[in-house]
Amino acid sequence: MLVKTFGSAVYGIQAITITVEVNIAAGTKYFIVGLPDIAVKESYFRIESALKNCGYRMPRQQVVVNMAPADIKKEGSAYDLTIATGVLAASGQIEAEELDKYLIMGELSLDGGLQPIKGALPIAIQARKEGFKGFILPKQNAREAAIVNDLEVYGVENIKQVADFFNGDTTLQPEVVNTRDEFFNSLTAYDSDFSEVRGQENIKRALEIAAAGGHNVILIGPPGAGKTMLARRLPSILPPLSLHESLETTKIHSVAGKLSAADALVTTRPFRSPHHTISDVALVGGGSNPQPGEISLAHNGVLFLDELPEFKRTALEVMRQPLEERRVTISRAKFTVDYPSSFMLVASMNPCPCGYYNHPEKECICPPGTVQKYLSKISGPLLDRIDLHVEVTPVNFNELSSDRLAEKSELIRDRVMKAREVQLQRFGNRPDLHANAQMSPQMVRDICKITTAGQTLLKKAMEKLGLSARAYDRILKVARTIADLAGSEEILLEHLAEAIHFRSLDREGWAG
């Protein structure tokens, strides 16, 4: 008897429906064809044990399993339940009438229980698109798949529940998630707030500007000055995710298997902080079975690189193109996948190996030339993509012990959102542009016009401070954002002066 069941393969953040054909005929062997990998071939042993332990039998005849389309590589253990259901139907142990209405995925344990799968959300979206009535999958993934409307999602704990469902011996309750309630209830639920930070008003201001214009920022200061603490609070002042952004971010985290059973949607801006020993592939994505890297997991959020000079140079260099294009393309001999990677880069570093160069109280003990050598670990082209260079100084005792309450993230976020509204109106005819940081050099010349006095100030600053030519566009972009925060249509002298102030690393002699 020939039976067809349906599963799905995930490529990038899109899913492709896979038809699993099971045919039982005279013979004794088990064959699985259709470009399966080792994990799919091993499914025979998991399926046999699971069926036996749940009171079913594995047919002692020739079982041929074909996974179509046969030219797409099938990877992972998520097809176990799809194949097992086909085997049960082909051997007459369950009814096969309703099988073609459901997409079935799940990894089997030897006792018949189900383990979670990756990519449940994009699979559910594709299942609805192709007109399936329902999606049967492990209970741990049910909530993330249930945010897709007009699709019955059944979370099951073992294969017996699936068999009883198709035999009509039991009814399964579909998982129900109110997407909008789930989205709006925890939209700004951040664990940390800027009101907890004592002092550091200059740094808070820099991060507010960065958030308002989508600018990349680097924090330079001695150990213990609060660089990491401030960076961790940046998502709390970014505009809340839109529902579209939330779904796109959730798809990436679903494909990477980063969603917990309790999560249905990623409702807050992601904050990713990889260790400096990270490999190139782990940072940008890839591998023989491509997976999203940290820059894609930070999509629509913040990527924080602590101790930037300690990262491998190759890892930092491969990040340059995604920073510009806001997506990363991973090419293999037979296929290409795209992962979105539109993130804000926040980096932090000590000014020198000992950490105390330019410290107001402690003396730097690094030998001559060491500071310049340390800073040169960060390439010019990467530094070119960072708009704000902010010097972080230690907080004194009086500020630390002060009872004065600092400004809450909510108030800063309101100002940021107003500035973003101005930018959305400015770029209304360009849906791919959302913030000042994304402007091209031509747009900078058209939009960021400054007065003659402003030109004079900028010229003097570039000559006196030894600013590089690449700093020119960056200063104008940041000045435009500062003007947007101030509600000004024109870029005034004070806006330019503040933008020039945030270019520490471009100053000649900064490192000695």
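Worth pointing out:
- A96 vs. criteria assigned to a loop (DSSP other than H, G, I, E, B) and farther than 25 Å from E175 by Cα: no
- Those residues of region 311-337 which are open to solvent by 80 Å² or more (accessible area, probe 1.4 Å) and either farther than 26 Å from L219 by Cβ or touching a residue at least 40 places away in the same chain (Cβ under 8 Å) (or both), in sequence order: R313, E324, R327, R332, A333, K334, T336
- Sub-7 Å Cβ pairs linking a first residue in region 39-64 that is in contact (Cβ under 8 Å) with a residue 12 or more places away in the chain and closer than 20 Å to G76 by Cα to a second residue that is open to solvent by 70 Å² or more (accessible area, probe 1.4 Å) and not in a loop (DSSP other than H, G, I, E, B), at least 6 apart or interchain, are V64/F31, ordered by first then second residue.
- Picking from residues in region 34-47 that are at negative phi and either among the aliphatic types (A, V, I, L, M) or in contact with a helix residue (DSSP H, G or I) (Cβ under 9 Å, 6 or more places away or on another chain) (or both), the one that is surrounded by the most Cβ atoms within 10 Å (Cβ to Cβ) is I47.
- Here T249 does not fit the description of being more than 22 Å from K418 (Cα to Cα), open to solvent by 10 Å² or more (accessible area, probe 1.4 Å) and of a type in the set (V, I, T).
- Residue that is modelled with the lowest pLDDT, among those in region 286-321 that are in a helix (DSSP H, G or I) and under 21 Å from L234 (Cα atoms): L308
- Unique match (being open to solvent by 60 Å² or more (accessible area, probe 1.4 Å), over 26 Å from D111 (Cβ atoms), among the aliphatic types (A, V, I, L, M) and in contact (Cβ under 8 Å) with a residue 24 or more places away in the chain) among A68, A26: A26
- Of all residues making up region 123-147, the number that are buried (at least 24 other Cβ atoms within 10 Å of the Cβ), closer than 20 Å to T249 by Cβ and modelled with pLDDT of 95 or more: 2
Rundown of residues vs (1) within 16 Å of I482 (Cβ to Cβ); (2) in a loop (DSSP other than H, G, I, E, B); (3) open to solvent by 70 Å² or more (accessible area, probe 1.4 Å), yes/no style:
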position	(1), (2), (3)
R404	no, yes, yes
R420	yes, no, no
L424	no, no, yes
H434	no, yes, yes
D446	no, no, yes
A453	no, no, no
K459	no, no, yes
L467	no, yes, no
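- Candidate set: region 181-213, residues that are open to solvent by 20 Å² or more (accessible area, probe 1.4 Å) and of a type in the set (D, E); chosen: the one nearest to F502 (Cα to Cα): E201
- Of the listed requirements (1) surrounded by fewer than 14 Cβ atoms within 10 Å (Cβ to Cβ); (2) at pLDDT 95 or above, G92 misses just one: (2).
- When each of N178, N158 is tested for being open to solvent by 20 Å² or more (accessible area, probe 1.4 Å) and touching a Leu at 6+ places or on another chain (Cβ under 8 Å), the lone residue that passes is N158.
- Taken over region 83-115, the criterion of being polar (S, T, N, Q) and over 21 Å from A25 (Cα atoms) is satisfied by S109, Q115.
- If you go through region 215-239 and pick out every residue that is surrounded by fewer than 22 Cβ atoms within 10 Å (Cβ to Cβ) and either of a type in the set (G, A, S) or without any contact (Cβ under 8 Å) to a residue 60 or more places away in the chain (or both), you end up with 3.
- A9 satisfies every condition listed in (1) buried (at least 20 other Cβ atoms within 10 Å of the Cβ); (2) closer than 19 Å to S91 by Cα except (2).
- Flag for A78 being in contact (Cβ under 8 Å) with a residue 60 or more places away in the chain and either open to solvent by 10 Å² or more (accessible area, probe 1.4 Å) or small (G, A, S) (or both): yes
- Number of positions in region 385-400 that are open to solvent by 20 Å² or more (accessible area, probe 1.4 Å) and either under 15 Å from P309 (Cα atoms) or not in a loop (DSSP other than H, G, I, E, B) (or both): 5
- Taken residue by residue, region 293-303 has at least one member that is touching a Leu at 6+ places or on another chain (Cβ under 9 Å) and in contact (Cβ under 8 Å) with a residue 60 or more places away in the chain.
- Residue in region 265-280 that is in a helix (DSSP H, G or I), of a type outside the set (S, T, Y) and open to solvent by less than 30 Å² (accessible area, probe 1.4 Å) present: no
- Out of I83, I94, sole residue that is closer than 26 Å to K334 by Cα, out of contact with any Pro (no Cβ under 6 Å at 6 or more places or on another chain) and of a type outside the set (S, T, Y): I83
- Per the conditions (1) part of a helix (DSSP H, G or I); (2) in contact (Cβ under 8 Å) with a residue 24 or more places away in the chain, the sole criterion not satisfied by L110 is (1).
- Note on region 292-310: residues that are out of contact with any Pro (no Cβ under 6 Å at 6 or more places or on another chain) and either over 14 Å from A256 (Cα atoms) or surrounded by fewer than 19 Cβ atoms within 10 Å (Cβ to Cβ) (or both) amount to 9.
- Taken over region 245-267, the criterion of being polar (S, T, N, Q) and more than 15 Å from T179 (Cβ to Cβ) is satisfied by S260 alone.
- Number of the condition not met by F31 [criteria: (1) open to solvent by less than 30 Å² (accessible area, probe 1.4 Å); (2) in a strand (DSSP E or B)]: (1)
The values are calculated or read from the model by the stated rules, or taken from the named source; none is laboratory data. This structure is a prediction, so every number in the text was calculated from the model and none was measured. Backbone-built Cβ (ideal geometry, glycine too); neighbour counts: all protein chains shown. Protein only, heavy atoms only, side chains kept; ligands, DNA and RNA dropped before computing areas. Shrake-Rupley method; radii C 1.70, N 1.55, O 1.52, S 1.80 Å.
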